[in-house]
Amino acid sequence: QQQVKQSPQSLIVQKGGISIINCAYENTAFDYFPWYQQFPGKGPALLIAIRPDVSEKKEGRFTISFNKSAKQFSLHIMDSQPGDSATYFCAASKTGNNRKLIWGLGTSLAVNP
Amino acid sequence: GAGVSQSPSNKVTEKGKDVELRCDPISGHTALYWYRQSLGQGLEFLIYFQGNSAPDKSGLPSDRFSAERTGGSVSTLTIQRTQQEDSAVYLCASSIIDRAYEQYFGPGTRLTVT
């Protein structure tokens, strides 16, 4: 089953608008929630990450909001730019011997000029 | 410093042939991961290495797929008797063992099986 559910699958935003991508998880043992950004022809790259003891983390135009009780977290891109057009993946991991990431299915973001 | 490198960048092979894909992780990264990404799709986990051992091979699609890692560094993903459904981008990532959430990805190998 999909342990991390991501929505929407695709998103179109006008330049200057706010892009919002949502993720939900089931396993309360997850203790780290990163977001990755992937441009066409490239591998994903870590964008921003949050731990569950923090409700919000901001880095420049990118903000993660985290709702522990709802088991949801979201990525907000403020003042979206055409250069932000990419695929965004949320993920979750838990401390343990096998610390692999559990990935969402990705959101394709297009920012129109 | 050098990032994760993968070779070849593109590989076209005939159905039924064997292929080897190579990954050179970042120096000092003891964790190494292989993923598969089909066109427009998400990341499909294949295998995870901790040093030279593979504690999690759960994502390998069939026994035609195998991987090894030597010297705690370079890894090779081998696909035997390739099928058309194997066509995809194969991504390799590495990380520090205690920071598995911070994976550094290579550019991938695009495999096309004709």
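Only residues in the range B:91-114 that are facing chain A (nearest Cβ under 10 Å) and free of Cβ contacts under 8 Å to residues at least 12 places away in the same chain count as the first member; pair them with residues that are of a type in the set (Gly, Ala, Ser) and buried (at least 17 other Cβ atoms within 10 Å of the Cβ), Cβ under 7 angstrom, at least 6 apart or cross-chain, and list the lot. The qualifying pairs are B:Tyr101/A:Ala49; B:Tyr101/A:Ser93; B:Glu102/B:Ser95.
If I filter the range A:82-105 for residues that are assigned to a strand (DSSP E or B), of a type in the set (Asp, Glu) and more than 16 Å from B:Tyr101 (Cα to Cα), do I get at least one hit? Lay out the reasoning, then the answer.
Here is the first cut: in the range A:82-105, the residues assigned to a strand (DSSP E or B) are A:86-93, A:102-103.
Add one more test, that the residue is of a type in the set (Asp, Glu), and what stays is none.
Checking the range A:82-105: not a single residue is assigned to a strand (DSSP E or B), of a type in the set (Asp, Glu) and more than 16 Å from B:Tyr101 (Cα to Cα).
For the range B:25-41, how many residues meet the condition of being over 16 Å from B:Ala100 (Cα atoms) and surrounded by 18 or more Cβ atoms within 10 Å (Cβ to Cβ)? Looking only at that region, the number is 2.
Consider the range A:73-90 and keep the residues that are within 13 Å of chain B (Cβ to nearest Cβ) and not hydrophobic (A, V, I, L, M, F, W, C). The one that is surrounded by the most Cβ atoms within 10 Å (Cβ to Cβ) is A:Tyr88.
This table checks each residue for (1) on the phi > 0 side of the Ramachandran plot; (2) out of contact with any strand residue (DSSP E or B) (no Cβ under 8 Å at 6 or more places or on another chain).
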site: A:Asp53; (1), (2): no, yes
site: A:Lys57; (1), (2): no, no
site: A:Thr63; (1), (2): no, no
site: A:Phe73; (1), (2): no, no
site: A:Asp79; (1), (2): yes, yes
site: A:Pro82; (1), (2): no, no
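Looking at this structure, is A:Ser93 within 14 Å of chain B (Cβ to nearest Cβ), surrounded by fewer than 18 Cβ atoms within 10 Å (Cβ to Cβ), under 14 Å from the mean Cα position of the chain (by Cα) and in contact (Cβ under 8 Å) with a residue 40 or more places away in the chain? The answer is no for A:Ser93.
Taken together, the values in this text are just the output of simple stated rules run on the coordinates, not laboratory data. Nothing here was measured: the structure is a model prediction, and the numbers come from that model. In this analysis, Cβ positions are derived from the backbone assuming ideal geometry, glycine residues included, and neighbour counts consider all displayed protein chains.
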